[in-house]
Each structure stands twice: as structure tokens, then as C-alpha cells.
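The values are calculated or read from the model by the stated rules, or taken from the named source; none is laboratory data. Keep in mind it's a predicted model, so treat the numbers as computed, not measured. Cβ coordinates were reconstructed from backbone atoms using ideal geometry, including for glycine residues, and neighbour counts include every protein chain displayed.
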Amino acid sequence: MEWKAMKIRIVSLFFLAGVFYGAAVFGQSEGEKLFKQICVACHTIGQGKLIGPDLAGVQQRRSEDWLTRFIRSSQTVIQSGDPVATALFEEYNRIPMPDNNYSDDQIRAIISYIAENSPGGPGAAETGGISPAPGRPLSEAGEANIQAGKNLFEGRTRLNNGGPTCNSCHNVKNDALMGGGALAKDLTDAYSRLGEAGVKAIVGNPPFPAMKQAYQNRPLTETEVFDLTAFLQHADRVRDTQQAKNYRTQLLFSGLGGALVLLLLFGGFWTRSKRGSVNRKIYDRQIKTI
Amino acid sequence: MDVRAQISMVFHLDKCIGCHTCSIACKNIWTDRKGAEYMWWNNVETKPGTGYPTKWEDQEIYKGGWEKKPGGNARLKGAGKLRGLLNIFHNPHLPVIDDYYEPFTYKYLDLIESPAGDDQPTARPVSLITGKPMDIKMGPNWDDDLSGTPDYARQDPNLKDLSPAEQEAMFQLERMAFFYLPRICNHCLNPACVASCPSGAIYKRGEDGVVLINQKVCRAWRMCVTACPYKKSYFNWGTGKSEKCILCYPRLEAGYAPACMHSCVGRIRYLGVMLYDADSISEVVNNIEKDVDLVNQQLGMLLDPFSESVIKAAKENGISDSTLKAAQDSPVYKFVKEWGLALPLHPEFRTLPMLFYVPPLLPVMASLSAADHGEQAKKMDPAAKFWNDGWLYNTSTEELWGTIDQARFPLKYLASMFSAGDEEKIKAILKKLMAVRIYRRWKTVGDVNEEKAAAVLKDAGLTADTAEGIYYLTSLAKFDDRFVIPPAHREQAIEMLEFAGDTKGSVGFGFKEKPERGW
Amino acid sequence: MAILDNFLLIGLPYTALIVFLVGTIYRYKATKFSYSSLSSQFLEGRQLFWGAMAFHWGILFLFFGHLTAFLIPRQVITFNSHPLRLLILEVTAFAFGLIVLFGIITLLVRRISNPRLKPVTSRMDIVIIALLIVEVVLGLLVALNARWGSTWFAAVLTPYLRSIFILQPDIAAVSALPWLIKWHIVGAYVIFGLIPFTRLVHLLVVPLHYLWRPYQRVLWAWPRKKVRDPNSEWTFTKPGNN
């Protein structure tokens, strides 16, 4: 068979197969697991507002469809001009709620879990509502905690459960630190934005998909959360006196320097190679004599 | 003793007239294709000269063959396992197309179809690579017959051991001499191309020793081109595969001589089976320290097909009786072992080439015509007859070996080509060749006396019978004398190509897909 | 957006993988002759030195860098936890990225500008070089703008890639990453899927077995010691090197 025709056929066949296969969504989990994994970082049920609103009875206040849309992509709902969503966004300091790519069943499970634990629900009597564990109050933090937090942030002290170092994605403007990453948000003013409970909740149980993925199976310990929060509070407090560092330009130029060194190495290692053709000399001499 | 059979060759350089018929026969059959136009699996060079590709013998440039440091094993000079893989992205010693020449043709159609005009239409040369008009700067035989001597012949790498004075003497216009060197793949016993191929595409056929490149396995890593010190492995830039002389194996299997040999008008080529001891390859290649010893050692590996023990060992190794018979009748065995007339080309490359050359006597003899006959006449040996008409090829000198001793064509030059610098070996062979001539002169012309003929034979270590044998095989030999091809056993012939089940119903040499460039 | 993400991050990798597997195996079986690196060094060697050396060594380093972060993410994260080590790794990788870019652009310029190379340049050559340039530029921008990739790749992308390989794709984390990174990932899938249709197949036949085989190869049509022995059985299998 003509290989070129075959080529097109193979491509189209497997393209379609791949699309159908990929579109099928895998995985299944219960409401409680999901809520405690994700939502609890910013929300309570019947324990007052944190970074986001208290979700007690939310299933009665909003329709399931609205909730589904909002959980999937809050920003889409806000941009669509939904007045309720916009109001909430403004009320909660314009901190966007991360998108969650959940199936309808998963979202239904979360909502029914909220319903169960809302006041009047069957679980509420037992639990008295759901909220993140409060932990030590930050007022107890001393210089040692800030130092420890700084070391954890930068990676000089390894995170206990092997999670990646904070500064691989986050930057904090602080003279004592190497410049951090640029993948995720700058955390210099995180403390004033999120407050003690918010920082602790997010650090201890990250709701953002990428960060959640990074700390899955290797969560931060309670002490680490406490130290990091203390450090972020400190960094926030001193931020006006610190210099910003531009690591992008530095990386660019040191990379260029490195590339030059590599090219020189190639040139150096292969100096004894045969350059050009043997006949070149003969041609050149003949041209000269003409 | 691991006895194996090898199809081996002898080229008698005294008989080569440099007509390039062999090259054309080969080209028409095998390399008249896109990407292969520049390849000459068989080419004929003028020596002294730089050859094709230019200066191929200079391994300081091309890094071909094996090199051996004292005490160590021989290793590939420009390739090898680690080095080959490190250089796989860019082979630093690879010859480029300009080392050969840019293939070209002429726009012949312009001669016929140009519109009428004031000027005579011309056929402009066009490049066979780009298709655009080009200036021809080089061709496959650009330095044929010593043309462009300052650029080519003077650059011959074999001249490096000659003193400047010797070189000057060689290139005086009136004294210049040359001979032709036809070259094909040597089908070596220790092939550097096979050793250098990272893909393992190149192999030596066990049955007859032909070295082949499996086109389906070749991945254009280009190491064989560098590794072959004779530059007889070529890169096809069109298909992205290496190609080389296949010794016309489809013809061999059918009992025909390879095309270059069959078409040779000078009948300079001989082909036959040699038996050798494969166990001694490593010993010779790795343990012989001095290059000059290599020739004797290589000749020592070649076994006597008449010896009982050799026959027994050969049979144990599955060599058939018909192949043994062919080995006993082999003209190559006679030239190389029995008569000791032929030497391998550049044995110092340590690939153990199995193409042997009878060094040329003519440029040596021609030297005498420039000698002072007047003085010679006075010292004339009474046994010799003297002509004073200054014949060019004078076989009757007053001193038996005068022409060889006073050769204007330095033996050192020939020694650097055929015996890794050992002039005595060349001299012995030239003496034999000359002795046969003097002996035959006595027989047929009769102007040399018997006494002298006997003296030269004795001095050269020949008997009258041997001289007759050499004379017969050199001058009279018929097709079946020159080419003793062992019958390819029918049951094996197809198997030599590939698995029989595949071959059924397929065409040609087993290609079921077009040998087209991939993408 | 979710549909696009699903398509690019789930559909595309599986499509690419299947096309790659079926395509390369079919091509190997049906047109083995076309498996070649199609080197053009014979026609032009000088520019090729800088282009091919920089490109190949650079891409090897980067490929194995990505592979290391995929295979042993924990060790990579630990290695990177020290700021100095992180910096060294990032700068080195970035430098290699730059020489890859330098190399591939040299190769493209060489292919376009040298008339001798025109007859040995196919359309797919240009397509794949262009794609590689885009991919490398995206990668360099990721390294610059989404620092420090060597760690977060191990933490975020490794689980994603693993989920693809164990047939339980989980794109929650990846779909939240910036588009720059996503396009880099998509570019990789596209190039991967195009391998069977380009000269890139030569990377599947890297001749590492050369290191272990004896230098000389002698092949026999028949088992030579048995072929003349009437008592030996007839066999299909050809004897190998000896």
C-alpha cells in the first residue's frame, strides 16, 4: 500500500480514538473527602467566614446549577455578570476562588456533604459544623519561628514530608532570601491579604490545583505551617524596607554566558577535526595562478 | 585452526593500461543512480598521484584504518565504540563531497534544441546535486596520466619518505614515469568499516568473505566512510545510506566474474579462493609491533590448500569439497603464496586486505633508457647482449639486476605502497618478474644466452617450471584460469541473499520496498 | 476551556502516543529502508558542526533532564531544596536550552541557504525544525517566566504525566497552569506524534548495542559446522555473528 495514504489514514483513525478515550473522565470520590481536601482551606460549615464565606445552608440559598458553575469556575460566573457572584467577589477582598474540574456527581456529593453538616442537618449535631483545626495562635511566634519559617521557605531546611520548597514557585521580597519562583503568586503581602487563618489554611491544605498536586501525599506538618505563617507575617511587615530582585534578567544573562562556554567547549574538544575539503587548497591555488 | 574461505583477488599492475573499462563496467551496473553518481566502487588511479578521494592514503587527514601503539591492541584510528558514538552527531574526519568531486553532467539537449542564434550552442555542465550550472573543478580522474602534477602527483602521500632530492629526480620531465593503480574494495579480513559501524549494518559473509552493507540497517552514522582507510565505503547522499563494492556477489554466485574483472581488457585481474586461519587474525593485527612485519604475517595466515591438515580442518568447518578444489586451483594462491609475486596494498593500515597487487616492473625498467650506454658498453658482461639503439624496455643489461638497482622510479615509493616500507620485498618480486622476462627472451627470441637465463632464474629463486607457470598465467591465461570461482551451492545461493521464503515471488536482490530516501 | 484542556492534555497525548507507536512500528516493518538519520554532513560539514553539535548535545541534556524529573521527582525536589543547587541546575539547563535554540536555528539557516542541501530537504524536515524552534522558545520562556521549573515540574507535571501513563489522566493541576506551560506541553505531544513521519525516527535506533557487540561481524547463511553433516537437523534460524 502507498505509505503516504496509509499515513493519513493512521493519523485520522488514532486521532479520533484518542479524543474519545481522553474525554472519558476517570475517578470518583465522596463529598467529605473532597470537602476536607479542598474547600476547608477557605470555607467552614457553620463556624463563621474565613477567606471565603461560611457555607452552612448554602444549598438552600443557591441553586445546584449555580453552585456547580461557581465551583467549576468562579471567575467565569463573575465575568458573566452574575450579580450575586460579583457581590461575593467584592465582599471577600477580590480573592478568586480556584477552579475545580469536578464532575456533576462529585459536586453533588460535596453539596450533600454541606447539607448534612449544616445546622439542622443530620451530621451537624455530631460535628457541630466543619472548620480547619485552629492550631497554635500566631501571637506565640518568636524570632526563632520566623527564622525557621524563612529556612523552610527557601529550602535550607527540608520540608518534613518531602514536599517541594516554597520558593520554587513563590517569591517573597526579602533581602535574606534568594529570589523565589515566578510560577505562582508573589507572597510578600499574602499575610495582609489572607490573614492568619487564611494563610494557615492554604499552607496546610492548599486548594489551588497545582499546589494541591505538589503537596499531595506530602503535606506540611503543623509546626511547618506555623513557622511559615510566622515568616510570611514577618515578611509582610518588613516588605517596604526590602529590595526587589530581578532573577529573570540574571537567569537570561547567566544562561547566555553558559551557552557561550558550552559552544567554546565544543570548539575546543573538536579542534582536530578535518575542516573543509582537501581539494580546497588546490582550487584556491589554481584560482590564484589564474 | 579456524579455516575459512575468502574470495581473493590479484591485480597485475604491469598489465594495466589505465583504460578505465573496469570503472565504467562497474558504474553502469551499480552506481548510476542519484546520490551514487560520484561513487566509483572501482576506480583507476595514476601513481604517483593523490588518487580518489584526494590524498586518501594520508590517514593524518582521513583517520582511516587501525593504529597500534607499542604494547597495546590495534584500535580504529578515527572511529571505534566510544569515539564513534561521541562523534555520531558530527563525524570530525568525514570526507565531504568536495574531497571526491561534485558530480556533473552536460546539458546535451541544448546542443540540439537551442534556438537559432549567432553563437554555437554549448552543452553547459550542470551539477548532479543542485541541478544548477557549475564550474567543474574536479573529476574522478582529474590527475589521470600525471596531469596537474604540481597539485596532484607531487602531493602523493607515498612520497613522504623520499628525500627532496629523490623527489626532484622523480619529477624531472624527461625522467617521469608512472603506473596505474586500479582499486576496488579489498574485502579485508579485519575490515575497519565493519568494526566501525555503530548499527552493525556491515558484515562479512562467512561463506566467501565478501563485505556487504545491509541497506535496511544502515542509519547514516557515516563511521564506515571514515574508518575505511582505502575510502571504499561511500555515503549515498540521496538515500542516506552507505554503499560499497559488493564484489558483484550476484554474479559470483551465478559463476560469473565480477563486472570489473570480466571487462578488463588488459586481463590484469585474477580471482580465486584463499583459505585462511581466522584464529590468527587477532594475533596478527594486535600483536605484531612493526608494520614491516605485517606482510609476512598476513601471508602466513593464508593456508596451503593441499595440506592434509588444512583440508581436514576446512571440512570440519563446513567448507565444501568444491570450494577446496577451487582453492587448490586458485590463481591468487599461485601469485601470492606459491610464487610470492603479489603484495597487499598498504598493509600498515592493518585491515588485512585480500586484494593483492603484483608491483609494476615497467616504470623501473624504463629507467635504463636514460642511462649512459657508452659507459655501459665497456663494462658489458659477455653473457649479455647489448643494444645501443636505446630501446626503452631493455631486458639485457650487462649487470643482471642493473635496472632494478638503479631504478629511477624509487623502490622506496613502491615499498611505501605495498610492503609498509620494506624495499627488499619489492626488489625480490621485481627480480622474479625480470627473470621470467629474460628467461622467456632466451626461449622465444634467443638473443639472450641460456647461461644468462639460468643465472637470473637461479638468482631470483625460480625454476624453469615456475617461470613457465608465471609466464602462462601472466600472458596466456584464459578466462577459466584467471577466474576460479567456487560454485555457489544452489541450496545456499539464495540463502546467501536472504531467507528463501521471502525471496519467493520477489524481484531483484530482495528489495520489496523501493530504495527511496526516507523523510 | 475545560473541553480544550481535556482535548490538549488528555486527548492529544494519547493520540500522539498511539500514532507514535503504530506509526513507528508500521514504518519499521513496512519500510525499514527509510529508517535513517539522513545525515547531510557529506554535502555540508562546517555549519553542521555548530548546528548539530549544539542541538544534539543540548537536546540530549534537556531530554534527560525532563526524564530525570519524571522518573525520580523526589530526589530532584530534594536536590533543588538548596537554593544554590537550584540556581546551578536552572542556569545549566537554561544554557543548554539556549544552545539547542542556537543549534536548531543554525540547522534551519543552513538548510535554507545552502543550495546543495535543497535536494535532500523534505517538507517534513522544515516542519519539524519549525516545530522544534517553537517548542524550544516556549521552553525557554517557561524557564524564564515561570521559575523555577526544575522543581515544580517534579512536583506538578510528574504526577500528571504519570497519570497519563497509568491511564488515569488527572489534569486538575495542569489545567490551572499558565498557557505558556500548557503550550509547551502540547508542543511536546505534537512533536512526539510526528516522530514516525519525520527523520526523527533515527532517535529510536540509537546504536547503543555497538558498545557491547564484538567489532567484527561475520554472518553465515547456514550453521557452517553443521551444514555438511547429514545427521544435523534442518533449521530456519540463521546463525549470528561468529
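Of the residues C:Phe79, C:Phe7, C:Phe49, the single one that is more than 30 Å from A:Ser273 (Cβ to Cβ), of a type in the set (Phe, Trp, Tyr) and at the interface with chain A (Cβ under 8 Å from one of its Cβ atoms) is C:Phe7.
Condition check ((1) more than 12 Å from every other protein chain (Cβ to nearest Cβ); (2) surrounded by fewer than 18 Cβ atoms within 10 Å (Cβ to Cβ); (3) free of Cβ contacts under 8 Å to residues at least 60 places away in the same chain) across all residues:
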position: C:Phe55; (1), (2), (3): no, no, yes
position: C:Val109; (1), (2), (3): yes, yes, no
position: C:Ile129; (1), (2), (3): yes, no, yes
position: C:Glu135; (1), (2), (3): yes, no, yes
position: C:Val142; (1), (2), (3): no, no, yes
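Would you mind stating whether A:Ala85 is within 16 Å of A:Cys42 (Cβ to Cβ), assigned to a helix (DSSP H, G or I) and in contact (Cβ under 8 Å) with a residue 12 or more places away in the chain? It would help to see each step written out before you state the result.
On the way: within 16 Å of A:Cys42 (Cβ to Cβ): yes; assigned to a helix (DSSP H, G or I): yes; in contact (Cβ under 8 Å) with a residue 12 or more places away in the chain: yes.
Judged against the criteria, A:Ala85 is a match.
When segment A:236-288 is limited to residues that are among the aliphatic types (A, V, I, L, M), within 21 Å of A:Ser168 (Cβ to Cβ) and at pLDDT 85 or above, the one that is surrounded by the fewest Cβ atoms within 10 Å (Cβ to Cβ) turns out to be A:Leu252.
Scanning segment B:66-81 for any residue that is surrounded by fewer than 21 Cβ atoms within 10 Å (Cβ to Cβ) and at the interface with another protein chain (Cβ under 8 Å from one of its Cβ atoms) turns up at least one such residue. The criterion of being surrounded by 19 or more Cβ atoms within 10 Å (Cβ to Cβ) and within 14 Å of chain C (Cβ to nearest Cβ) holds for B:Gly318.
Out of all the residues in segment C:17-33, is one or more among the aliphatic types (A, V, I, L, M), in a helix (DSSP H, G or I) and buried (at least 20 other Cβ atoms within 10 Å of the Cβ)? Write out each step before concluding.
As a first pass, look at segment C:17-33 and keep what is among the aliphatic types (A, V, I, L, M): C:17-19, C:21-22, C:25, C:30.
This time we only want the ones that are in a helix (DSSP H, G or I), so: C:17-19, C:21-22, C:25, C:30.
Subsequent filtering for residues that are buried (at least 20 other Cβ atoms within 10 Å of the Cβ) retains C:19.
Scanning segment C:17-33 turns up at least one residue that is among the aliphatic types (A, V, I, L, M), in a helix (DSSP H, G or I) and buried (at least 20 other Cβ atoms within 10 Å of the Cβ).
Of all residues in segment B:78-88, none satisfies being under 15 Å from B:Pro229 (Cα atoms) and at pLDDT 95 or above. Listed by position, the helices (runs of 4 or more DSSP H) enclosed by segment B:248-320 that each have at least 1 residues that are among the aromatic types (Phe, Trp, Tyr) are B:249-253.
This table checks each residue for (1) away from chain C (no Cβ under 14 Å); (2) assigned to a helix (DSSP H, G or I); (3) closer than 27 Å to B:Thr130 by Cα.
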residue: B:Asn186; (1), (2), (3): yes, no, no
residue: B:Asn190; (1), (2), (3): no, no, no
residue: B:Gly200; (1), (2), (3): no, no, no
residue: B:Cys218; (1), (2), (3): no, no, yes
residue: B:Trp221; (1), (2), (3): no, no, yes
residue: B:Lys231; (1), (2), (3): no, no, yes
residue: B:Phe235; (1), (2), (3): no, no, yes
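Residue check, C:Gly187 against (1) crowded, with 21+ Cβ neighbours inside 10 Å; (2) more than 8 Å from chain A (Cβ to nearest Cβ), all met but one. Which one? Unmet for C:Gly187, out of (1) crowded, with 21+ Cβ neighbours inside 10 Å; (2) more than 8 Å from chain A (Cβ to nearest Cβ): (1).
Among the conditions (1) out of contact with any helix residue (DSSP H, G or I) (no Cβ under 6 Å at 6 or more places or on another chain); (2) modelled with pLDDT of 90 or more, B:Ser147 misses just one, which is (2).
Output the residues belonging to segment B:282-309 that are more than 20 Å from the chain's Cα centre (by Cα), more than 15 Å from B:Glu67 (Cα to Cα) and surrounded by 16 or more Cβ atoms within 10 Å (Cβ to Cβ). If the condition is that a residue be more than 20 Å from the chain's Cα centre (by Cα), more than 15 Å from B:Glu67 (Cα to Cα) and surrounded by 16 or more Cβ atoms within 10 Å (Cβ to Cβ), then B:Leu303, B:Pro305 are the ones that fit.
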